[in-house]
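One structure is given here, and the rest of the page talks about it.
The values are calculated or read from the model by the stated rules, or taken from the named source; none is laboratory data. The shown structure was predicted, so the numbers you read here are calculated from the model rather than taken from an experiment. As a convention, Cβ positions derive from the backbone with ideal geometry for all residues, glycine included, and neighbour counts pool all protein chains shown. Areas reflect the complete protein model, heavy atoms only, side chains present, ligands, DNA and RNA absent. Shrake-Rupley method; radii C 1.70, N 1.55, O 1.52, S 1.80 Å.
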Amino acid sequence: ADVIPETIAFVAAYRRDYESGDQWAARRVIDRLGGDGAFESMPEKAREAVKAGTAQNICHWETNLAFRPSPDRYRALRVPTTIVRGEKSRPIDRSIGQRLGALIPTSRLIELPGASHFMINTHGAECASIIGPTNRSSGPAEAGR
């Protein structure tokens with residue numbers, strides 16, 4: 001299914017709510033990604049941080065919608081790529097992970113049991129064990145040296 005029109009409508013409503021004065025418009029994003037009630041379950045300090053970053057988050061959503069590389073661009077990637085998705089992630093997120101895994105020839109797809117979109121918060125140790133083995137000397141920080 002083509003989720004682009006639905007996502008465009010979601011982001012437009014998110015922007016409208018925020019520009020109309022809804023200080024808590026980002027609640028819709030957190031609940032969309034983490035499930036109904038995810039926003040309310042966050043500590044107050046975290047909810048405040050989300051609120052403070054709403055304008056920037058809207059910009060990120062809009063920028064991501066404009067980024068539409070062709071499948072051939074993904075097939076051309078030759079860097080080792082790890083795609084991590086949560087067992088409880090939204091179906092579209094799980095589908096995106098599956099599709100990227102099929103397109104990128106040097107990829108591996110890992111699914112974290114019990115995890116959703118916010119897996120770095122709920123499954124920190126598992127995420128660290130996936131990232132940990134990365135050879136940092138060849139990463140972006142060393143590029144061009």
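Backbone amide hydrogens, once placed in the peptide plane, bring Gly86 within less than 5 Å of Leu112, excluding anything fewer than 5 places away on its chain. Applied to the stretch 54-65, the Karplus parametrisation 6.51 cos²θ - 1.76 cosθ + 1.60 on θ = phi - 60° returns per-residue 3J(HN,Hα) values of 4, 4, 5, 5, 4, 4, 4, 4, 5, 5, 4, 5 Hz, with x for Gly and Pro.
A simple count of charges around Glu44, restricted to other residues whose Cβ falls under 14 Å of its Cβ and scoring Lys, Arg +1 and Asp, Glu -1, yields +2.
In deg cm²/dmol and to the nearest 500, what is the mean residue ellipticity at 222 nm of the chain if only DSSP H runs of at least 4 residues count, each as -39500 (n - 2.57), divided by the residue total? Provide the component values of the computation, followed by the final result.
Numbers: 9 runs with 80 residues, N = 145.
Computed ellipticity for the chain at 222 nm equals -15500 deg cm²/dmol.
Each principal axis of the Cα cloud of the chain was evaluated for its coordinate range; sorted largest first, these ranges are 45, 35, 34 Å. About the centre of its Cα atoms, the stretch 1-44 shows a dipole size close to 120 debye [charges on the beta carbon of Lys, Arg (+1) and Asp, Glu (-1) only; nearest 20 debye].
In nm, what is the difference between 0.36 nm times the number of residues separating Asn64 and Leu33 and their Cα-Cα distance?
Details: separation 31, 0.36 × 31 = 11.16 nm, distance 1.55 nm.
That pair, Asn64 and Leu33, stretches by 9.6 nm at full extension.
Remind me, relative contact order of the stretch 8-143 in percent, using alpha carbon pairs under 8 angstrom and six or more residues apart? Can you show the working numbers first?
Numbers: 123 pairs, mean separation 27.0, N = 136.
It rounds to 20 percent for the stretch 8-143.
Ignoring any ligand, DNA or RNA, what whole percent of the accessible area of the stretch 1-113 comes from carbon and sulfur when the probe is 1.4 angstrom? Mind showing how you got there, number by number?
On the way: 3980 of 7280 Å².
The C+S portion of the solvent-accessible surface of the stretch 1-113 is 55 percent.
What's the ranking of 56-65, 116-125 by average number of surrounding C-beta atoms within 10 Å, highest first?
On the way: 56-65: 13.4, 116-125: 15.4.
For the peptides 56-65, 116-125, the packing ranking is 116-125, 56-65.
The calculated FRET efficiency for the pair Leu77 and Ala13, based on their C-beta separation and a Förster distance of 35 Å, comes to about 0.55. Between the alpha-carbon centres of the stretch 65-132 and the stretch 1-57 there is a gap of 22 Å.
Within the stretch 47-79, find all residues whose amide N lies under 16 Å from a label point positioned 7 Å from the Cα of Ile4 along Cα-to-beta-carbon. Only 62-74 pass the distance filter.
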